[in-house]
Amino acid sequence: MATIDQISARARQALFARLPQSEADVPRIPAYDAACHVKTSGDLKANFLATAAANKFQVHSCSQAELLHTVNSLLAQHQVKSLLCSADLPFAPSELNGVEPLVFDRPVEELRAQVFTADAALCEGAAGASSSGNVLCASSPRSPRFLTLVPPILVLLLPQSRIVASPEAAINLVLESGAHPANLVFTAGPARTADIELITIFGAHGPHTVELVVYEEE
């Protein structure tokens, strides 16, 4: 009767015999271009606005000349008094009305005590994925990752020119610009969970409201 060791040895030999003997024997899988399989209309902006709204973003569209007014209106609507701001906005934070902007123009360690008490955050997305309605945010010392994760309200700006077909194309757009961010975060609307009885709760572990402003650059 064969022992367990003998059976194991035969099994190993049979397994190794089926493995490729060299790299040339490994079957090649054709390169997969995810972007070519994306189902989206030719109008990337229209499709993006529709999918973003389906993700529960509060969607707004305006020109660059109207951008500051639109943001001020949203902040007033939510009665925002304290605001976290990235330092790379398309306008000066000092132009915002009725708020105390906390701008990340210095090390995060110097601002840590104020981060978790702010009413809202304001930052700009690096790219938008039309097929999924997500916004890609690239972290930097001037725009830390937690801007999109901590405050209960997030106002997210996105230039129309940075709307692309797919999440893969959004990542490529950032990398092709020469940026090497420590983190890339896809924001897909307000934070939500349905862990308890499959009832969706918004804001359980992040912003409960995300105001998305897509603006056309002049």
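The values are calculated or read from the model by the stated rules, or taken from the named source; none is laboratory data. From a predicted model like this one, the values you see are computed outputs, not experimental measurements. Methodologically, a virtual Cβ is constructed for each residue, glycine included, from the backbone with ideal geometry; neighbour enumeration extends over all protein chains shown.
The table below lists the values:
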read-out	value
Count of residues meeting criterion [surrounded by fewer than 16 Cβ atoms within 10 Å (Cβ to Cβ), closer than 18 Å to Leu44 by Cα and either over 15 Å from the mean Cα position of the chain (by Cα) or small (Gly, Ala, Ser) (or both)] in the stretch 155-176	1
Within the stretch 137-154, considering residues that are outside any strand (DSSP E or B) and of a type in the set (S, T, N, Q), the one surrounded by the most Cβ atoms within 10 Å (Cβ to Cβ)	Thr148
Set Ala24, Ala53, Ala65: member being of a type in the set (Gly, Ala, Ser), at pLDDT below 95 and out of contact with any Cys (no Cβ under 8 Å at 6 or more places or on another chain)	Ala24
Condition met for Leu111 (in contact with a Phe, Trp or Tyr (Cβ under 9 Å, 6 or more places away or on another chain), of a type outside the set (S, T, N, Q) and free of Cβ contacts under 8 Å to residues at least 24 places away in the same chain)	yes
Members of the stretch 188-218 found to be without any contact (Cβ under 8 Å) to a residue 60 or more places away in the chain and outside any loop (DSSP other than H, G, I, E, B), listed by number	Thr193, Ile201
The one condition in (1) at pLDDT 95 or above; (2) more than 18 Å from Ala170 (Cα to Cα); (3) under 23 Å from the mean Cα position of the chain (by Cα) that Arg112 fails to fulfil	(1)
Entirely in the stretch 39-120, the strands (runs of 3 or more DSSP E) that have 3 or more residues that are closer than 14 Å to Leu158 by Cα	58-63
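So that you can scan it fast, the table gives a plain yes or no per residue for (1) surrounded by 13 or more Cβ atoms within 10 Å (Cβ to Cβ); (2) at pLDDT below 85; (3) under 25 Å from Leu67 (Cα atoms):
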| site | (1), (2), (3) |
| --- | --- |
| Gly178 | no, yes, no |
| Pro181 | yes, no, no |
| Leu184 | yes, no, yes |
| Pro190 | yes, no, yes |
| Gly203 | yes, yes, no |
| Glu217 | no, no, yes |
